[in-house]
Amino acid sequence: MNNKVWLVGAGPGDPELLTLKAVRALREADVVMIDDLVNPQILEHCPQARVISVGKRGGCRSTPQAFIQRLMLRYARQGKCVVRLKGGDPCIFGRGTEEYNWLHLHGIDAEIVNGITAGLAGATNCSIPLTLRGVARGVSLVTAHTQDDSELNWQALADSGTTLVVYMGVAKLADIRQQLIKAGMHADMPVAMIENASLPEQRERRSTLNQLLDDAQDFRLKSPAILVIGQVACDSQVKLDQLSA
Ligand code: SAH
């Protein structure tokens, strides 16, 4: 695995949700560069490696992307096996493909290792099926946070009949609620707020589009959290069974 950069998904937090391939890369790593949403417990798989924290939390002190990329390049050019550990899946709001392309452009072999994305793990841990026969025929993973402030096509999302999983939405709840109601989504559409999915600190709160702001405030919703918006997020399994019957 030498002289290669592995862009590895570390999963949502539960160390048991790592893939075997991720563990193999960690075991062989000389250098591990770790994002802040990654559970440090998984470093038990790479006691031999030099570990560098390169967190980039929105709004906080962060390591510039260009610096991270240069660091990966430097170690790879020294012939080191580099693992870049990212929360969830590297290619779901994780810039995995961007880094992969950049490394290839600079002549470095890179490989992406999938991880379980937070939306999947959060829904499953709260017994929410993201797709359900007769209820939700698809799922849309979206982020409410864009670098250029461009808007999502809320109308298309509201009309799609798919379950919406919103990443990075905590600071944008009012906007999400307003846009979806404006696009014709029912005010009583179920919403699940899931914080710290798959970790011992996981918390969840069921709400509706209408009640979202009050309930989020009452619940003191904090990042990292995802929202699951759709009929599948109604809080009673019995209701779900009826819906899909
Ligand atoms: N690549 C990651 C997402 C990175 S974007 C993945 O596939 O999961 C960061 C956002 O992911 C957070 O703001 C939050 O919305 C979500 N997130 C990451 N880990 C989470 C967790 N354990 N619980 C809930 N949301 C999480």
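Among the candidates Ala233, Ala192, Ala171, Ala216, the residue that is small (Gly, Ala, Ser), open to solvent by less than 30 Å² (accessible area, probe 1.4 Å), within 16 Å of the ligand (Cβ to nearest atom) and out of contact with any Cys (no Cβ under 9 Å at 6 or more places or on another chain) is uniquely Ala216. For the stretch 81-105, the set of residues classified as open to solvent by 50 Å² or more (accessible area, probe 1.4 Å) and on the phi > 0 side of the Ramachandran plot consists of Phe93, Arg95, listed by residue number.
The numbered conditions (1) in contact (Cβ under 8 Å) with a residue 24 or more places away in the chain; (2) more than 16 Å from the ligand (Cβ to nearest atom); (3) more than 18 Å from Gly184 (Cα to Cα) are all true for Asp149 except (1). Screening the stretch 15-66 for residues that are charged (D, E, K, R) and touching a Pro at 6+ places or on another chain (Cβ under 9 Å) and picking the one that is modelled with the lowest pLDDT gives Lys56. Residues of the stretch 106-121 that are assigned to a loop (DSSP other than H, G, I, E, B), open to solvent by 20 Å² or more (accessible area, probe 1.4 Å) and closer than 23 Å to Ala225 by Cα: Asn114, Ile116.
The values are calculated or read from the model by the stated rules, or taken from the named source; none is laboratory data. Quick caveat, the model's predicted, so the values are computed rather than measured. Neighbour counts run over all protein chains shown; Cβ positions are idealised from the backbone, glycine included. Surface areas here come from the heavy atoms of the whole protein model, side chains and all, with no ligands, DNA or RNA. Shrake-Rupley method; radii C 1.70, N 1.55, O 1.52, S 1.80 Å.
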